[in-house]
1. Go through (1) modelled with pLDDT of 95 or more; (2) surrounded by 13 or more Cβ atoms within 10 Å (Cβ to Cβ); (3) over 21 Å from Ile137 (Cβ atoms); (4) not hydroxyl-bearing (Ser, Thr, Tyr) one by one and return the number of the condition His39 breaks.
2. Let me spell it out: the conditions are (1) among the polar types (S, T, N, Q); (2) surrounded by fewer than 17 Cβ atoms within 10 Å (Cβ to Cβ); (3) over 19 Å from Ala15 (Cα atoms), and Ser112 meets all of them except one. Which number is the exception?
3. Grab the helices (runs of 4 or more DSSP H) fully contained in segment 96-161, keeping just those with 3 or more residues being polar (S, T, N, Q), at pLDDT 95 or above and in contact with a Cys (Cβ under 7 Å, 6 or more places away or on another chain).
4. Tell me, which residue of segment 51-79 that is open to solvent by 70 Å² or more (accessible area, probe 1.4 Å) and hydrophobic (A, V, I, L, M, F, W, C) is farthest from the chain's Cα centre (by Cα)?
5. On the basis of being over 14 Å from the mean Cα position of the chain (by Cα), under 26 Å from Asp40 (Cβ atoms) and open to solvent by 70 Å² or more (accessible area, probe 1.4 Å), does Glu143 make the cut?
6. Any residue in segment 1-23 that's touching a residue at least 12 places away in the same chain (Cβ under 8 Å) and in a helix (DSSP H, G or I): show its pairings with residues that are among the small types (Gly, Ala, Ser) and surrounded by fewer than 19 Cβ atoms within 10 Å (Cβ to Cβ) at Cβ separation under 9 Å, as long as the two are six or more apart or on different chains.
Amino acid sequence: MKDLIVYYSLEGNTAYVADKIGHALGADVLRLVPQKAYHDKGFAKFFWGGKSAVMAEKPALEDYAVDLAAYDRVIFGFPVWASNYTPPLRTFLAEHDEELAGKRFAAFACQSGAGAPKALAKLAKDLGINDFEDTMILNDPKEKPGDDKEAQIAAFCERLR
């Protein structure tokens, strides 16, 4: 089985986890990068990111190449914004709706506060599935590392093997 990790990361937490999972599973990794970067500091970060997530915006992404037919499972990763998954993932879903049909899915969310269960449920709904093979929620894994978070990542990978 071949896995693809598709993720967006603003501050590096999601990238950190995606790289660890990619290495552990031997998965390919695709980082989504919006053409117009989101604010990453202060009030603007929360206001514009939250607005974009709540309004279900689909930002234009920098060019990338992916052949989804080559993958059995897609693992999505994202930071939680206003109890939503991030807009770059929404763009990816819209661009690859038909190609994603029939795939298996897992997901992980990184957050500083709360809202990840709602964000994961919204992602599942938008994928047209009842549930993921597995999910994981981490609070600031790169910014506030710990053995407990490393164990969570390892267990997530083990369950997906």
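The values are calculated or read from the model by the stated rules, or taken from the named source; none is laboratory data. In this text the structure is predicted, and so the values were computed from the model without any measurement. Glycine gets a Cβ as well: all are built from the backbone with ideal geometry, and neighbour counts include every protein chain shown. When the accessible area is computed, the model is the full protein with side chains, heavy atoms only, and any ligands, DNA or RNA have been set aside. Shrake-Rupley method; radii C 1.70, N 1.55, O 1.52, S 1.80 Å.
1. With respect to (1) modelled with pLDDT of 95 or more; (2) surrounded by 13 or more Cβ atoms within 10 Å (Cβ to Cβ); (3) over 21 Å from Ile137 (Cβ atoms); (4) not hydroxyl-bearing (Ser, Thr, Tyr), His39 is out only on (1).
2. (3) is the only condition that Ser112 fails.
3. On the way: elements: 97-100, 116-127, 147-160.
Of the helices (runs of 4 or more DSSP H) lying wholly inside segment 96-161, none has at least 3 residues that are polar (S, T, N, Q), at pLDDT 95 or above and in contact with a Cys (Cβ under 7 Å, 6 or more places away or on another chain).
4. Per the stated criteria, the residue is Ala69.
5. yes
6. That search, which allows pairs on different chains as well, returns Asn13/Ser112; Lys20/Ala154.
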